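Enquirer: Sharing a structure, written as structure tokens. Questions coming.
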Amino acid sequence: MSLDPQIPLPPMPVAPPPPPYPRPEYRWYHKLSALIFILFCMELGAFLLLFPWTEYWDHNFFSALVPEWHFFWGNAYVRGAISGLGVVNFYIAFLEVLRLRRFARHDREG
């Protein structure tokens, strides 16, 4: 094709818009599983956040499994990293609470 401005280009065909995507239907077990997942993440987050700083941490199974690793388990950086995983679990639970809106009924269309 020429780039000469004197020659008009043929009009581009316009594609029809795609059909609307049907909204998924959520049942009671979808909602229950979301709530169970939120509770699981919150409990695991609380455990991972607090347990490394208790007196039971020095006498756990993994510390006694290999005695040479006892200095590793007592390191504050390792405890902090495990507590950081607990914070990540709290963050996941918070995001899932925000995602509960997907179960809300939308009466308006469009």
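The values are calculated or read from the model by the stated rules, or taken from the named source; none is laboratory data. The structure displayed is predicted, hence computed values, not measured ones. Every residue, glycine as well, gets a Cβ built from its backbone with ideal geometry; the counts of neighbours run over all protein chains shown.
Enquirer: Exactly one of (1) assigned to a loop (DSSP other than H, G, I, E, B); (2) of a type in the set (A, V, I, L, M, F, W, C); (3) surrounded by 14 or more Cβ atoms within 10 Å (Cβ to Cβ) is unmet by residue 42. Its number?
Expert: (1)
Enquirer: Still on this structure: For residue 67, all conditions in the list (1) farther than 17 Å from residue 89 by Cα; (2) surrounded by 10 or more Cβ atoms within 10 Å (Cβ to Cβ) hold save one; what is the number of the exception?
Expert: (2)
Okay, residues lined up against (1) modelled with pLDDT of 95 or more; (2) closer than 30 Å to residue 104 by Cα; (3) of a type outside the set (Phe, Trp, Tyr):
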| position | (1), (2), (3) |
| --- | --- |
| 28 | no, yes, no |
| 58 | no, no, yes |
| 71 | no, no, no |
| 74 | no, no, yes |
| 86 | yes, yes, yes |
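Enquirer: Among the listed residues 91, 77, identify the single one that is surrounded by fewer than 14 Cβ atoms within 10 Å (Cβ to Cβ) and either hydrophobic (A, V, I, L, M, F, W, C) or closer than 30 Å to residue 26 by Cα (or both).
Expert: Sole residue among the options that is surrounded by fewer than 14 Cβ atoms within 10 Å (Cβ to Cβ) and either hydrophobic (A, V, I, L, M, F, W, C) or closer than 30 Å to residue 26 by Cα (or both): 91.
Enquirer: Examine region 52-67 for a residue that is within 32 Å of the chain's Cα centre (by Cα), of a type in the set (Phe, Trp, Tyr) and under 30 Å from residue 100 (Cα atoms), and state whether such a residue exists.
Expert: no
Residue-wise test of (1) under 30 Å from residue 18 (Cβ atoms); (2) aromatic (Phe, Trp, Tyr).
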| site | (1), (2) |
| --- | --- |
| 45 | no, no |
| 57 | no, yes |
| 72 | no, yes |
| 104 | yes, no |
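Enquirer: Condition first: touching a residue at least 40 places away in the same chain (Cβ under 8 Å) and either surrounded by fewer than 10 Cβ atoms within 10 Å (Cβ to Cβ) or within 14 Å of residue 94 (Cβ to Cβ) (or both). Now tell me which residues in region 20-34 satisfy that.
Expert: Of everything in region 20-34, just one residue is touching a residue at least 40 places away in the same chain (Cβ under 8 Å) and either surrounded by fewer than 10 Cβ atoms within 10 Å (Cβ to Cβ) or within 14 Å of residue 94 (Cβ to Cβ) (or both), namely 34.
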